[in-house]
Each structure stands twice: as C-alpha cells, then as structure tokens.
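I am attaching a structure below and will ask some questions about it afterwards.
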Amino acid sequence: MQSILGSIDPIAFNLGPIEVAWYGIIIVTGMFLAVWLSIQEADKLGIREDFIVDLSFWIIPFGLIGARIYYVLFELPTYLADPLRIFFIWEGGIAIYGGLILGFITMYWYSKKNDVPVWLLVDILAPHVMIAQAIGRWGNFINQEAHGGEVSRQFLEKLQLPNFIIEQMNINGSYYHPTFLYESVWNVVGFVVLMLLRAKKGLMLRGEVFLGYLAWYGLGRFFIEGMRTDSLYIGIFRVSQVFSLILLIASIGLIVYRRFYTYPKPAYYTQGIKPEKEFQEKKKKYENRKK
C-alpha cells in the first residue's frame, strides 16, 4: 500500500487499536520458513521434529534479546540517558550479530542438554538462517532504513531495479544505495550455494556448512556495511565490519584446521546423527594415546 508521499506504508493493517507493521510480518515469515526447512532437513538426518520445534521456542526469543542487547551496548550513552527506552524495541535498534551470538549460545546449551551433535545441528540451521536474513532485509526496505549513502536516481535505474524499489529509496527527496537489497541478494546466493554443497554426499564434513555460512555472510557484510550510513562504531571502526572480518578469517581457518589437522576426521554431514558414537569413541582413544 502506498502512502500519500509515494513510499510504502510501513503499517500493513490494523487490528482495532493495534497496528501490524510489515516489518514484523516479514521477520516472522523468515523465521517460520527457517524453522520449517530445518524440520524437514533434521528429519532426514535422524533428528526428531519436536526437537527443532522446541529449539525454536528457545532460539527465537533469546536471539531477539541478543540482537537488542548488542545494539544497546554500542549505543550505551544514549540509553543510559533514558534507560526505559531500552525496552522500546518498536522504535528500532536490533543488530543481527547480537542475535546470532546469543542464538548460538542458546542452541549450544539446548543441543548439549538433549545430546544432539552441535556441529550437525548448526549445519542444519545455517542455510535456513541465511534465507531468513535475506527475507528479513525487506523489512528494512519497507521502513526505509539500513540504507547506504546518497546516489542519483540514474544510478538506481542503471541497476535495472523495479520502480517501486527506486521510489522507496527516495527518502526526503534524496535517493540512497539499497544496501538492504545487496545483502538480501548476497544471502539468497549464499543459501543456494550452501544447499547445493550440503546435499552432495561425501563432500562437506560436519561443521563446514555452518563455517561456510559465517565466511560467506562475513565477506558480504564487510563490504556492504562499508556503504551504510547507520553503522555502530568502536572509535573509527565500524563494529559490523570488524566482526565480519573476524568471522571470515576464523571460519576459513577452522575449515582448514578441521579438515587437514584433526584426528579423527569429523563425520560427513550427509551421514546424519548415526556416526556420532563412533566418532566420540575414536576421539577418546586418540586422546588417551596422547597422554
């Protein structure tokens, strides 16, 4: 629905006095898709459906809390001046890296509690989280946020963008880089690549899909973050660029280390949950020999 100014109305509809925003609808759609895809994949690998459903009831709220805490910490002077605004999440101010960090900690705890292999579980979830992120960025599009620096209309037209995207990038009379779109497209491509690699038997070791996700997202986010006008900073450094670079280097390093310098070598992803006991026994014997 177009507003009087020509941009898309951020409110999808009203339920009495309650305004339902497109942003919320889009985010929830991405979450539901990620959970549904994870249920289908987990079932193929021997993990029961109710485990993924129960896990989502832990990860989603804690992920949102983590995303908010992360943002608040890097804008602390603002929120210390008015502490109640910390809870005003409808004003905006969530950061995906905070959600990923606390979401991962929650997932790690829950997987250990239920004796599900952590590396296998993160491989199941990672591509689906990526497609959820790709969908979620369109919420930023609706809200005309998370955009880049100013550009000309001609620049946007050269990108062969639909007119509705071009017009939504017209904010107060100026046009801006649609960085939401750059990241969304990057994530869709990453999702397809990871899904194709993950499906090949005997190719991806446990953990490599997840580490590939971190490397792919970190690489794209590093460059896209450099275009944005709303970055969080530590001194002169953009927080997300620093974190993206760390993720990129660490994930590639771990892939190399686990594939070539560890024994016993982890099971392949497509083997599912079954080889876990055998792997742990081999690992225990190897560690005992080293003592």
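Has region 210-224 got at least one residue that is without any contact (Cβ under 8 Å) to a residue 24 or more places away in the chain and in contact with a Ser or Thr (Cβ under 7 Å, 6 or more places away or on another chain)?
Of the residues in region 210-224, the ones without any contact (Cβ under 8 Å) to a residue 24 or more places away in the chain are 223.
Among the residues that remain, those that are also in contact with a Ser or Thr (Cβ under 7 Å, 6 or more places away or on another chain) are: none.
No, the conditions are met nowhere in region 210-224.
Restricting to region 115-151, give me the number of residues that are in contact with a Ser or Thr (Cβ under 8 Å, 6 or more places away or on another chain) and charged (D, E, K, R).
So the count comes out to 2.
Take region 199-208 and flag every residue that is aliphatic (A, V, I, L, M) and over 13 Å from Ala267 (Cα atoms).
So the first thing to find is which residues in region 199-208 are aliphatic (A, V, I, L, M), and the list is 199, 203-205.
Ala199, the sole residue that qualifies.
All but one of (1) small (Gly, Ala, Ser); (2) at pLDDT 95 or above; (3) exposed (fewer than 14 other Cβ atoms within 10 Å of the Cβ) hold for Gly218; which doesn't?
Failed condition: (3).
Which residue is modelled with the lowest pLDDT, if the candidates are limited to region 1-31 and must be polar (S, T, N, Q) and surrounded by 14 or more Cβ atoms within 10 Å (Cβ to Cβ)? Outline the logic, then answer.
Residues of region 1-31 polar (S, T, N, Q): 2-3, 7, 14, 29.
Next cut, surrounded by 14 or more Cβ atoms within 10 Å (Cβ to Cβ) only: 7, 29.
Values: Ser7: 74, Thr29: 97.
The residue in question is Ser7.
Can you find a residue that is of a type in the set (Asp, Glu) and exposed (fewer than 13 other Cβ atoms within 10 Å of the Cβ) anywhere in region 152-167? Full working, then the answer.
Kept after step one, since they are of a type in the set (Asp, Glu), are these residues of region 152-167: 157, 167.
Subset that is exposed (fewer than 13 other Cβ atoms within 10 Å of the Cβ): 157.
Looking through region 152-167, at least one residue is of a type in the set (Asp, Glu) and exposed (fewer than 13 other Cβ atoms within 10 Å of the Cβ).
Do you know which of the residues in region 221-233 that are among the charged types (D, E, K, R) and closer than 19 Å to Ala132 by Cα is surrounded by the fewest Cβ atoms within 10 Å (Cβ to Cβ)? Quick ask: steps written out before the conclusion?
Within region 221-233, the first condition is being among the charged types (D, E, K, R), and the residues that meet it are 221, 225, 228, 230.
If we keep only those that are closer than 19 Å to Ala132 by Cα too, we end up with 221, 225.
Values: Arg221: 24, Glu225: 22.
Among residues in region 221-233 that are among the charged types (D, E, K, R) and closer than 19 Å to Ala132 by Cα, the one surrounded by the fewest Cβ atoms within 10 Å (Cβ to Cβ) is Glu225.
Of everything in region 168-182, what is surrounded by 18 or more Cβ atoms within 10 Å (Cβ to Cβ) and in a loop (DSSP other than H, G, I, E, B)? Give them in sequence order.
Met169, His177, Pro178
Same structure again: Taking region 93-140 as the search range and keeping residues that are touching a helix residue (DSSP H, G or I) at 6+ places or on another chain (Cβ under 6 Å) and of a type in the set (D, E, K, R), which one is farthest from Ile255 (Cα to Cα)?
Arg137
Let me ask something else about it. Can you tell me which of (1) buried (at least 18 other Cβ atoms within 10 Å of the Cβ); (2) over 20 Å from Ile8 (Cβ atoms); (3) of a type outside the set (Ser, Thr, Tyr); (4) in contact with a Leu (Cβ under 8 Å, 6 or more places away or on another chain) is the one Ala250 doesn't meet?
(1)
Conditions tested, residue by residue: (1) among the polar types (S, T, N, Q); (2) out of contact with any strand residue (DSSP E or B) (no Cβ under 6 Å at 6 or more places or on another chain); (3) at pLDDT 95 or above.
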position	(1), (2), (3)
Ile69	no, yes, no
Asp82	no, yes, no
Gly99	no, yes, no
Gln133	yes, yes, yes
Asn140	yes, yes, no
Glu150	no, no, yes
Phe155	no, yes, yes
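Something else: Could you please find all residues in region 32-87 being among the small types (Gly, Ala, Ser), over 22 Å from the mean Cα position of the chain (by Cα) and surrounded by 12 or more Cβ atoms within 10 Å (Cβ to Cβ)?
Result: Gly46, single match.
Are there any pairs, at least 6 apart or on different chains, whose C-beta atoms fall under 6 Å, with the first in region 6-23 and of a type in the set (A, V, I, L, M) and the second not in a strand (DSSP E or B), and if so, which?
Filtered contacts from region 6-23: Ile8/Ile142; Ile8/Gln168; Ala12/Trp22; Ala12/Ile25; Ala21/Pro10.
With the requirement that a residue be among the aromatic types (Phe, Trp, Tyr) and out of contact with any Phe, Trp or Tyr (no Cβ under 6 Å at 6 or more places or on another chain), what does region 21-60 give you? It would help to see each step written out before you state the result.
Our first condition is that a residue be among the aromatic types (Phe, Trp, Tyr); within region 21-60, this holds for 22-23, 32, 36, 51, 57-58.
If the condition is that a residue be among the aromatic types (Phe, Trp, Tyr) and out of contact with any Phe, Trp or Tyr (no Cβ under 6 Å at 6 or more places or on another chain), then Trp22, Tyr23, Phe32, Trp36, Phe51, Phe57 are the ones that fit.
Looking at Thr78, Thr29, which is the one that is more than 27 Å from Trp119 (Cβ to Cβ), touching a residue at least 24 places away in the same chain (Cβ under 8 Å) and part of a helix (DSSP H, G or I)?
Thr29
The values are calculated or read from the model by the stated rules, or taken from the named source; none is laboratory data. Small disclaimer: the values here were computed from a predicted structure and weren't measured. Note that we place each Cβ from the backbone using ideal geometry, even for glycine, and neighbour counts take in every protein chain shown.
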